Structures are given as C-alpha cells and as structure tokens.
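The values are calculated or read from the model by the stated rules, or taken from the named source; none is laboratory data. What you are looking at is a predicted structure, and each value in this text was computed from that prediction instead of being measured. Don't worry about glycine lacking a Cβ; one is built from the backbone with ideal geometry, like all the others, and counts go over all protein chains shown.
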Amino acid sequence: MEELSNLDMIARLLLATFLTGLIGFEREATGKSAGLRTHAMVGFGAALFTIVSIAGFAEGDPGRVAAQIVTGIGFLGAGAIWRSEDRVRGLTTAAGLWAAAAIGMGIASGLLLLGTLGTLITLGVLLGLRRIDIAIARRTAIAPQQIGVTIDHVDRIKQVIKMVERVDDSVDEISFERTPDGTGVLVIAVEPDRTKMISEMVQSMKGVTKVEVMSPLYWKRRGR
C-alpha cells in the first residue's frame, strides 16, 4: 500500500484541480452549463476520494472506492444531458465530466504523466474535433438560415452570439454592419429548424431592436 505524505496529498489535489479546471475553462468559454467550477470540483472530488481510499483504508481494497466514483460520475453526467425537440444535448459535457473524474483519479493515484496526457487529449478533442464536427455537419446538412439582428450598440454583439451559442453551438457570424449612430446589424447563420426559436429568443434580449429572417440568397452572395 502506498504511503502518502501530507505534501504529496496536497500536491496531487492541487494538480488534479488545475488540470480539470482547464477542461472546465474550455467548456465555459463556449457557453456550456458545466464550466470551470464544475469540472474543477469533479476533478478535485475524484482525487480526494481516491486519496482517502489509498491512505484512509489501509486494510481494505482501495479499488472499491474508485469503482463507486465511476458510478457516481455517471449519475452526475446524466444530469447534464437534456432533450429538446428532436435533439439530445449535453452528451459532450457529460463525457467531459467523466474524463475530469478519470484525470482526478489518475493524478491522485500517482499517475501524473497519464493524468496530464489525458488532459491534453481531452482538450485536443474538444478544441480540435469541434471544428471538424461543425465542418462535416455543414457539408451534410441543408443550407443554413440567416437571421439579421439589429442591435442598439456594438458592445452587445458578443452577448447576442454567446446567447445563441447556448442553444446552437454551430452558429456562425457572417457579418456585422455598423451605422453612424452606433447601432448595427449582425447577420448570423443558424440551422433552419431552429430559426423561429432563436429569433424569438434573440428578440427578447435587451438592446435588440429588430430581428429579421433573411433570404437564403444572402448566403450565396457572401460566398459561404
């Protein structure tokens, strides 16, 4: 049975929290519900349970506690999955929480290289494959619908885009035309079956004065 000093325990807990926090930062930056704090706490909790099982149950089987962590994270991940109309969302977030728990367990077990590598691979999948996933979806799907959003001030652009991405993370900003009085029209592309819902949602936002569904020809003229 491995004997851990207080310094070893603290170092592993901090490293597990930091690495899983990086995953959470990526999730929060893309507007997901489970972000920095959630992933960091999952990584910390998994690491803490693992350390307790190693150092606190010297006479027992530490693997029994680790097995319960896997089961518990499964229930937590299930809570992040929800269905809307004909879509299922939150699967990637649930998988990210599962990976965060695995990383926390690995670091707490002393597999520092494996835990660090697992973090890099997870971030690579979330950041790199997301672009490929969106590109494939655009090639296989029907042409997106354009929505023109009139905003009373340019500072609200990011707020509008972030809000839309919470519903449809494949949204694409086509253009933004600013007028002399400080207002402007933001043109975004969304999936046709979500046009009505997103239009109504954006219309209710503060600072949005008009929402208009634009002609698909606009997309072709922009060479998209």
Test Ser53 against the criterion of being out of contact with any Lys or Arg (no Cβ under 7 Å at 6 or more places or on another chain), modelled with pLDDT of 80 or more, among the hydroxyl-bearing types (Ser, Thr, Tyr) and more than 17 Å from Glu26 (Cα to Cα), and give yes or no.
yes
Of all residues in segment 20-41, which are free of Cβ contacts under 8 Å to residues at least 24 places away in the same chain and farther than 20 Å from Leu114 by Cα?
Phe25, Glu28, Ala29, Gly35, Leu36, Arg37
Selection within segment 140-155 - over 12 Å from Ile188 (Cβ atoms) and either among the aliphatic types (A, V, I, L, M) or modelled with pLDDT under 75 (or both):
Thr140, Ala141, Ile142, Ala143, His153, Val154, Asp155
Within segment 1-19, of all residues that are in contact (Cβ under 8 Å) with a residue 12 or more places away in the chain and in a loop (DSSP other than H, G, I, E, B), the one surrounded by the fewest Cβ atoms within 10 Å (Cβ to Cβ) is Glu3
The conditions are (1) modelled with pLDDT of 70 or more; (2) outside the structural domain of Ala101 (by TED's automatic domain parsing), and Leu217 fails exactly one of them. Which is it?
(1)
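Yes/no per residue for (1) closer than 19 Å to Gly24 by Cα; (2) at pLDDT 90 or above; (3) not in a loop (DSSP other than H, G, I, E, B):
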position	(1), (2), (3)
Ile73	yes, no, yes
Leu76	yes, no, yes
Thr92	yes, no, yes
Ala99	yes, yes, yes
Met105	yes, yes, yes
Leu113	no, yes, yes
